[in-house]
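Below: one structure, written as structure tokens.
The values are calculated or read from the model by the stated rules, or taken from the named source; none is laboratory data. Not measured: the values here are computed from a predicted model. Backbone-built Cβ (ideal geometry, glycine too); neighbour counts: all protein chains shown.
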Amino acid sequence: MTPKKPLPLLNEAMRPRPEWTLPGVERATYRSMEKFSEMLADADRAVANRPLWAVCHNLRGQSLYLLGRYDEAIHSLDRAIELDPH
């Protein structure tokens, strides 16, 4: 097997992947533009990629709250507290 050249390997290693994104990066933009559905979609992706990260569930809870979906918001925020009670 012929080794790959370093540059293509480096390019592949540096290629962004969805699971590397920091949850809530776009939250402030969505919130300021009152795009709460987009904020929720971002939060859902974050939860799917990092289900054990409390910040993802917190973002989802905030999104649901802003959409007026209070029971679902409470559930997501409770999950965030379960994952990180501090």
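Every residue, every condition in (1) among the aromatic types (Phe, Trp, Tyr); (2) in contact (Cβ under 8 Å) with a residue 12 or more places away in the chain; (3) touching a helix residue (DSSP H, G or I) at 6+ places or on another chain (Cβ under 6 Å), yes or no:
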position	(1), (2), (3)
Asp42	no, yes, no
Val47	no, yes, yes
Pro51	no, no, no
Val55	no, yes, no
Leu59	no, yes, yes
Gln62	no, yes, no
Gly68	no, no, no
Ile74	no, yes, no
Ala80	no, yes, yes
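So that you can scan it fast, the table gives a plain yes or no per residue for (1) at pLDDT below 90; (2) charged (D, E, K, R); (3) on the phi > 0 side of the Ramachandran plot:
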{"site": "Glu34", "(1), (2), (3)": "yes, yes, yes"}
{"site": "Met39", "(1), (2), (3)": "yes, no, no"}
{"site": "Arg45", "(1), (2), (3)": "yes, yes, no"}
{"site": "Asn49", "(1), (2), (3)": "yes, no, no"}
{"site": "Leu52", "(1), (2), (3)": "no, no, no"}
{"site": "Gly61", "(1), (2), (3)": "no, no, no"}
{"site": "Arg69", "(1), (2), (3)": "no, yes, no"}
{"site": "Ser76", "(1), (2), (3)": "no, no, no"}
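So, Pro6, is that one loosely packed, with under 11 Cβ neighbours inside 10 Å and either at pLDDT 55 or above or touching a helix residue (DSSP H, G or I) at 6+ places or on another chain (Cβ under 8 Å) (or both) or not? No: the conditions fail for Pro6.
On the stretch given as region 56-86, residues that are of a type in the set (A, V, I, L, M), assigned to a helix (DSSP H, G or I) and closer than 17 Å to Phe36 by Cα total 6.
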